[in-house]
Amino acid sequence: MLTLQETLWQLARNKGRSLILLLASAMLAGCVAFYMSNITANEEAIERLAQTLPVEVRVTNPSASQDWRININEHRHGNLLSSPYLTGFTYSIDAAGEYTEEAKEAVDSLFSECETKAVNSLDCIRAPDSKFTYMDGYDETMFQTDQPVGLIGTNFIERYGVQVGDEISLDFYVFEYIAEAGRDSILTFLGEQTVKIVGTYESNMENKDLLVPVGWLAGVVRNQGAKVNYNQLGAYLKDPRQISVFKESIQELGFLEPAPATYEDYTGAALVVDDEQYITSAETLGQTVVLFRRFQIPFFALAMCMIVLAIFLIMRGSRRVIAISISLGRPRFLCAAGCFMAAFIAEFAGCALVFPAMILMAGLSIKGALMICVTFLLCACAGDAVALLLLLRFNAFKLLTAAE
């Protein structure tokens, strides 16, 4: 009770000193808050890069000169889809079909009627002007099924009078791309297949007449005893911060690193990671975080030293009062306790004063601001203790005698 009264007496008697300590505490706590908010802001910016700068992974030929119209076998396709580091897969198979009886019988007119693309997602369509419509009960998820359904191009509708809801029969063919003089592909005949038209597709940039689910077409190829070749395959890293870990797994997935000097062919055997922009941005932010972290301990140590210095200078003028109390038989510990509590109350008030600014100006969460205040007050308590140890190392008799 006596210590509490002494604490309140010191605060009331030394209003100017208490105010100085309060303002110093508010300033130091605010500096710590802005320092930590810079670290938090940069770390959050790195996390947001995954959304703002996604890292794309593409299967290419060995020289990385082409990422479509290539042959990606099922083994590599399955390996890539099994990678725990990837998401957002897009893959497709190029095909063609003949619709009219005349075209089916005329071998030399193949692939002039219905250019087809089998996809697992409309993200495979690299035409920003594309427009899609669906009949009731169907939407984009149809491409993730193995049903014989499709979207028909508006140009094909104009040429042949096909309507949404019709079932059309086509002689289908798939391609295996090659690099031989006189031709660029080998054709595999899949027989006549029936597809239900459940919507339309319009684009001035993409010349495909029919879009079907890749799962269905791959199943047809297998049923014909032919090998499935995907002609385009890509994905995105789930967490771009794991770029290095993913690159180490590329060889295990059965892929090569691209080599521009490699011979040109159509084998989808290399994996390109488009990470240059992400790495450039992440390295800049990462270096900033490392720099802040490197100076974090020295910064807190400096803050504690400033607290020690402030307490020492502010309480220095109270040594005569403390010396009188000690000379009257009051223990040094209780004298120090009163000073310690008075300083702590002023420091607590300083934190309370700057607390709203931590949230509104520094952008910290309430939890983050509280953590900084608690950390600061712990450092302040340690600083107060050190300052009082230095302050009370005097001889009360000599001090009073010298004062007289």
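Scan the stretch 25-45 for residues that are of a type in the set (A, V, I, L, M, F, W, C) and open to solvent by less than 30 Å² (accessible area, probe 1.4 Å) and jot them down.
Those that are of a type in the set (A, V, I, L, M, F, W, C) and open to solvent by less than 30 Å² (accessible area, probe 1.4 Å): Ala26, Leu28, Ala29, Val32, Ala33, Ile39, Ala45.
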Picked from the stretch 325-365 (must be part of a helix (DSSP H, G or I) and charged (D, E, K, R)), the residue least open to solvent (accessible area, probe 1.4 Å) is Glu347
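Scan the stretch 58-83 for residues that are assigned to a strand (DSSP E or B), under 16 Å from Lys247 (Cα atoms) and open to solvent by 10 Å² or more (accessible area, probe 1.4 Å) and jot them down.
Arg58
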In the list Val149, Val164, Val107, which residue meets the criterion of being modelled with pLDDT under 90 and either within 30 Å of Glu56 (Cβ to Cβ) or open to solvent by 40 Å² or more (accessible area, probe 1.4 Å) (or both)? Val107
Counting only strands (runs of 3 or more DSSP E) entirely within the stretch 199-277, those with at least 1 residues that are of a type in the set (Ser, Thr, Tyr) and closer than 14 Å to Val57 by Cβ are 232-237
Qualifying positions in the stretch 253-276 - closer than 25 Å to Ser92 by Cβ, out of contact with any Ser or Thr (no Cβ under 9 Å at 6 or more places or on another chain) and open to solvent by 10 Å² or more (accessible area, probe 1.4 Å): Gly254, Glu257, Thr267, Val273, Asp274, Asp275
The condition of being touching a Phe, Trp or Tyr at 6+ places or on another chain (Cβ under 8 Å), of a type in the set (Lys, Arg), under 26 Å from Leu256 (Cβ atoms) and at pLDDT 90 or above holds, among Arg58, Arg76, only for Arg76
Kindly list the number of the only condition in (1) assigned to a helix (DSSP H, G or I); (2) at pLDDT below 80; (3) open to solvent by 20 Å² or more (accessible area, probe 1.4 Å) that fails for Phe394. (1)
Do any residues in the stretch 190-203 that are open to solvent by 20 Å² or more (accessible area, probe 1.4 Å) have Cβ atoms under 7 Å from those of residues that are in a strand (DSSP E or B) and acidic (Asp, Glu), where the two are at least six apart or on different chains, and which pairs are they? Glu192/Asp171; Thr194/Glu167; Lys196/Glu167
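Among the residues of the stretch 253-288, how many are within 25 Å of the chain's Cα centre (by Cα) and over 30 Å from Met36 (Cβ atoms)? So that I can check it myself, show each step before the final result.
To start, the set of residues in the stretch 253-288 that are within 25 Å of the chain's Cα centre (by Cα) comprises 253, 257, 271-288.
Now drop any that are not over 30 Å from Met36 (Cβ atoms), which leaves 253, 257, 271-274, 276.
The qualifying residues number 7.
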Tally time: how many residues in the stretch 281-306 are assigned to a helix (DSSP H, G or I), at pLDDT 80 or above and open to solvent by 80 Å² or more (accessible area, probe 1.4 Å)? 8
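Yes/no per residue for (1) of a type outside the set (Gly, Ala, Ser); (2) within 42 Å of the chain's Cα centre (by Cα); (3) closer than 30 Å to Asn42 by Cβ:
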| position | (1), (2), (3) |
| --- | --- |
| Ala337 | no, no, no |
| Ala362 | no, yes, yes |
| Ser365 | no, yes, yes |
| Gly368 | no, yes, yes |
| Leu378 | yes, yes, yes |
So which of Cys335, Cys339, Cys381, Cys351 ends up being modelled with pLDDT of 85 or more and either touching an Asp or Glu at 6+ places or on another chain (Cβ under 8 Å) or on the phi < 0 side of the Ramachandran plot (or both)? Cys351
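Checking the structure you have, find out if any residue of the stretch 237-251 is touching a strand residue (DSSP E or B) at 6+ places or on another chain (Cβ under 8 Å), open to solvent by less than 40 Å² (accessible area, probe 1.4 Å), among the small types (Gly, Ala, Ser) and at negative phi.
No, the stretch 237-251 contains no residue that is touching a strand residue (DSSP E or B) at 6+ places or on another chain (Cβ under 8 Å), open to solvent by less than 40 Å² (accessible area, probe 1.4 Å), among the small types (Gly, Ala, Ser) and at negative phi.
The values are calculated or read from the model by the stated rules, or taken from the named source; none is laboratory data. Fair warning: this is a prediction, and the values are worked out from it, not measured in the lab. Neighbour counts are summed over all protein chains in view; Cβ atoms, including those assigned to glycine, are modelled from backbone coordinates with ideal geometry. We work out accessible area using only protein heavy atoms, side chains counted, and drop any ligands, DNA or RNA first. Shrake-Rupley method; radii C 1.70, N 1.55, O 1.52, S 1.80 Å.
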